[in-house]
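Here is the structure we will look at.
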Amino acid sequence: MSNFDNMQRVEVDMTSEPIIKIDNVCKTYTLYKSDQERFFALFKKPKNPIIHKALDHVCLEIRRGESVGLMGDNGCGKSTLLKTITGVTFPDEGTVTVNGMVAALLELTAGFSMDMTGRENIYLKGYILGLSEDKIKEIEEAVIDFAELGDYIDQPVRTYSSGMRVRLGFAINVNISPDILVIDEALAVGDAAFKAKCRNKIRDIMESGVTVLYVSHNASSVKEICERAVYMKKGQLLFDGPTEETHLVYLVDKRTTQIERRKKRIAQLEKKIADAKEGDDVRREEQLLPKHKKRLVQFEEDLAQYTQELKDYRQERYGDNPKWTVNKLDF
Amino acid sequence: MIIVFLRDIINEHKSFGKRIFVLAKTELVKTYKGAAIGPLWAVVKPAFTLFVYWFAFTIGIKKLGHVDVEIHNHVLSFDRFLFMLVGFIPWFFISESITKGAKDIRSHRQYVTKINFPVSTIMTFTSLSRIYVHLALSMIMYVIVAFMWGTSWYNLQIFFYMPLMFLFFLFLSWSTAPMCAFSPDLENAITSIMSGIFWLTGVIYNSYDLPAPLDKIMLFNPINFFVNGYRNSFLYNRFFFEFKTEFFIFLAEFIALFILGVFNYNRLRKKIPDVL
């Protein structure tokens, strides 16, 4: 896990034009109640559609050479944000400007044709990603070498194991020399040796000044790779700052919500026990109550600790006048 | 408005340029890869279909060995096989284009939902791969026609009809493919009416030679325009503009389909990745 220690990061010019500019982007998904409704939506707008707000007025500017982590729980809009950056999906409002070629380590095997050989697939994938034939020829050897497929490179991809397919996909995506690299927990490729190789490759790419966007549930790997991170919740971008701080903010906010939820549950249980009439069975509630209380204490301790850590961090970093790019939280 | 809409499609194609042709080739390779006789299937399948119909009509129903067609007030008599052959060659392309064209986006869903890809080019390169097959079949047809009927300058009209046919069904897929991506219902509907469309088109019989008002109604079927157009070029020795009613009805349909296609594609393009 030490691949990213002592990494030579490139100097980021904060006055330059952003390479990715997300300006007040909103995105809603319409959830259709049935297949019939989806069919009729072809011709007219559905009457009372269920709407899921995936992105809610998100603003983000990323400059060339930066490495930015996205933090947040499942369903917070991270993937949708990445999809708008890679150009797969389109925002309802606002604009997304990307000044460069994006390579996404999201869907590594997307676009492969199972009946074609690995080598043919390098070309196919290259064309799909928008490369010229000369460019593909140039990277062909590097890709084959990196993927470690040996004689299998001239066999149909359907005969590959899933690990081999992912390796080939990874090799193509990192060798096309992108301007922006989007990584969605794709470092978990193949065995330990290959994993280390992938991490080294990503490190090399980052040292060459490529902008990196990284999504992971593993906070320590985000801290390792990214200097800056943003925290998203329910489609909103709540905090934008140094990775260390964002992680603490994330933990504080998470514990706060957990404590609220836990308190509500305890109140419910207590009410039920208090309202119980003669003969009602409340044994289960009585059993649960101490468990919840114990967790609550644990959370409160955590919260106090994280809050203190955050306070110390901020004191050390900013002194008395904090300056945040985005902070929609009241701590 | 239509110009603005069309600009998106043109830009998507511009950015892709030569790669469209490479992807069309890949599409062909994908279709026939893994089979021992590979691309020969592109010929075997239609040849067998043609044989079966010919067998049914000439051997089975003995009276139908010849077709009489009135052109320029002369009655020309064609061997049923030759007449059917020239009708079937465009039909194979048309039926493939309608059914597969509707599925284009759905069958290439990875290109739409996983990567940033100019979606309208999917229809173009799959159509191109189909026209390659069609071109090969047309050449075989031309050899047979040359031996059985002879050649003439009118044959060159194929270079008018073929690109027009390519465009017509490309424009059709601009409407059908995005709609089928939304809901498979349309796809099933198209597959189910295909054999009906076949019998409502003068592939096996002569669509001009029907009792009124059916012969007029048949002019509204654009597929007849192409089937009869191929016969104009190879059998009837007639120019495309000579039968004005047929030509102008087709032209109106062509323009309407084009506008509808551009409109539908642009209306649905941005929603497709979310529903596919």
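The values are calculated or read from the model by the stated rules, or taken from the named source; none is laboratory data. Computed from a prediction, not measured in an experiment: that's the story for all the values here. When we count neighbours, we look across all protein chains shown, and the Cβ atoms used for this are built from the backbone with ideal geometry, even at glycine.
A:PHE194 satisfies every condition listed in (1) over 26 Å from A:ILE85 (Cβ atoms); (2) in contact (Cβ under 8 Å) with a residue 40 or more places away in the chain; (3) buried (at least 18 other Cβ atoms within 10 Å of the Cβ) except (3). Residue count for the stretch B:238-275, restricted to those that are crowded, with 16+ Cβ neighbours inside 10 Å, within 14 Å of chain A (Cβ to nearest Cβ) and among the charged types (D, E, K, R): 3. Within the stretch A:81-95, the set of residues being surrounded by 19 or more Cβ atoms within 10 Å (Cβ to Cβ) and either more than 10 Å from chain B (Cβ to nearest Cβ) or aliphatic (A, V, I, L, M) (or both) comprises A:LEU81, A:LEU82, A:THR84, A:ILE85, A:VAL88.
Taking first residues from the stretch B:214-226 that are touching a residue at least 12 places away in the same chain (Cβ under 8 Å) and closer than 18 Å to B:PRO163 by Cα and partners that are of a type outside the set (Gly, Ala, Ser) and part of a helix (DSSP H, G or I), the Cβ contacts under 6 Å between residues at least 6 apart in sequence or on separate chains come to B:PRO222/B:PHE250; B:PRO222/B:GLU253; B:ILE223/B:ILE94; B:ASN224/B:MET218; B:PHE225/B:PHE250; B:PHE226/B:PRO90; B:PHE226/B:MET165.
Only residues that are free of Cβ contacts under 8 Å to residues at least 40 places away in the same chain and closer than 18 Å to B:LEU85 by Cβ were counted in the stretch B:184-198, giving 0. Of the candidates B:SER77, B:SER95, the single residue that is over 25 Å from A:LEU124 (Cα atoms), of a type in the set (Ser, Thr, Tyr) and in contact (Cβ under 8 Å) with a residue 40 or more places away in the chain is B:SER95. Of the residues examined, B:SER77 is not one that is touching a Pro at 6+ places or on another chain (Cβ under 8 Å) and surrounded by fewer than 13 Cβ atoms within 10 Å (Cβ to Cβ).
Of the helices (runs of 4 or more DSSP H) lying entirely inside the stretch B:185-276, those carrying at least 2 residues that are in contact with a strand residue (DSSP E or B) (Cβ under 9 Å, 6 or more places away or on another chain) and modelled with pLDDT under 85 are B:272-275. Within the stretch A:99-117, is there a residue that is farther than 23 Å from B:VAL275 by Cα, at the interface with chain B (Cβ under 10 Å from one of its Cβ atoms) and in a helix (DSSP H, G or I)? No, because not a single residue in the stretch A:99-117 is farther than 23 Å from B:VAL275 by Cα, at the interface with chain B (Cβ under 10 Å from one of its Cβ atoms) and in a helix (DSSP H, G or I).
Conditions (1) farther than 30 Å from A:GLU61 by Cα; (2) part of a helix (DSSP H, G or I), marked per residue:
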| residue | (1), (2) |
| --- | --- |
| A:TYR250 | no, yes |
| A:THR257 | no, yes |
| A:ILE266 | yes, yes |
| A:GLU286 | yes, yes |
| A:LEU296 | yes, yes |
| A:PHE299 | yes, yes |
| A:ASP302 | yes, yes |
| A:ASN321 | no, no |
| A:LEU329 | no, no |
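Of all residues in the stretch A:259-285, those that are small (Gly, Ala, Ser) have Cβ atoms under 9 Å from Cβ atoms of residues that are at pLDDT 75 or above and assigned to a helix (DSSP H, G or I), 6 or more apart or on another chain, in A:ALA276/A:GLU285. Every test in (1) surrounded by fewer than 22 Cβ atoms within 10 Å (Cβ to Cβ); (2) within 14 Å of chain B (Cβ to nearest Cβ); (3) β-branched (Val, Ile, Thr) is passed by A:ILE139 save one, and that test is (2).
Taking the criterion of being within 17 Å of the chain's Cα centre (by Cα) and farther than 14 Å from B:MET162 by Cβ, no residue of the stretch B:232-243 qualifies.
Residue pairs whose Cβ atoms lie under 6 Å apart, sitting 6 or more positions apart in sequence or on different chains, and linking a residue in the stretch B:18-35 that is at the interface with chain A (Cβ under 9 Å from one of its Cβ atoms) to a partner that is not in a helix (DSSP H, G or I), are B:LYS30/A:SER113; B:LYS33/A:ASP115; B:GLY34/A:ASP115.
For the stretch B:87-128, residues that are farther than 17 Å from B:VAL43 by Cα, more than 14 Å from chain A (Cβ to nearest Cβ) and hydroxyl-bearing (Ser, Thr, Tyr) total 3. Considering B:LEU50, B:LEU40, the condition of being assigned to a helix (DSSP H, G or I), out of contact with any Pro (no Cβ under 9 Å at 6 or more places or on another chain) and surrounded by fewer than 18 Cβ atoms within 10 Å (Cβ to Cβ) is satisfied by B:LEU40 alone.
For A:CYS76, the criteria (1) surrounded by 15 or more Cβ atoms within 10 Å (Cβ to Cβ); (2) not in a loop (DSSP other than H, G, I, E, B) hold in every case but one, which is (2). Scan the stretch A:51-59 and give yes if some residue there is more than 27 Å from A:ALA196 (Cβ to Cβ) and part of a helix (DSSP H, G or I), otherwise no. No, the stretch A:51-59 has no match at all. Return the residues of the stretch B:65-106 that are hydroxyl-bearing (Ser, Thr, Tyr) and part of a helix (DSSP H, G or I); say none if nothing qualifies. Passing the criteria: B:SER95, B:SER97, B:THR99. Any idea which residue in the stretch B:243-271 is farthest from B:TYR230 (Cα to Cα), counting only those that are free of Cβ contacts under 8 Å to residues at least 60 places away in the same chain and of a type in the set (Phe, Trp, Tyr)? Across the stretch B:243-271, the extreme among qualifying residues is B:PHE248.
Remark: B:SER152 matches the filter, which requires a residue to be more than 14 Å from chain A (Cβ to nearest Cβ), out of contact with any helix residue (DSSP H, G or I) (no Cβ under 8 Å at 6 or more places or on another chain), touching a residue at least 40 places away in the same chain (Cβ under 8 Å) and not β-branched (Val, Ile, Thr). For beta carbons closer than 7 Å, sequence separation of 6+ or different chains, a first residue in the stretch B:167-183 that is within 13 Å of chain A (Cβ to nearest Cβ) and a second that is assigned to a helix (DSSP H, G or I) and among the small types (Gly, Ala, Ser), the qualifying pairs are B:SER175/B:GLY261; B:THR176/B:GLY101; B:THR176/B:ALA102; B:ALA177/B:GLY101; B:ALA177/B:ALA102; B:CYS180/B:ALA102.
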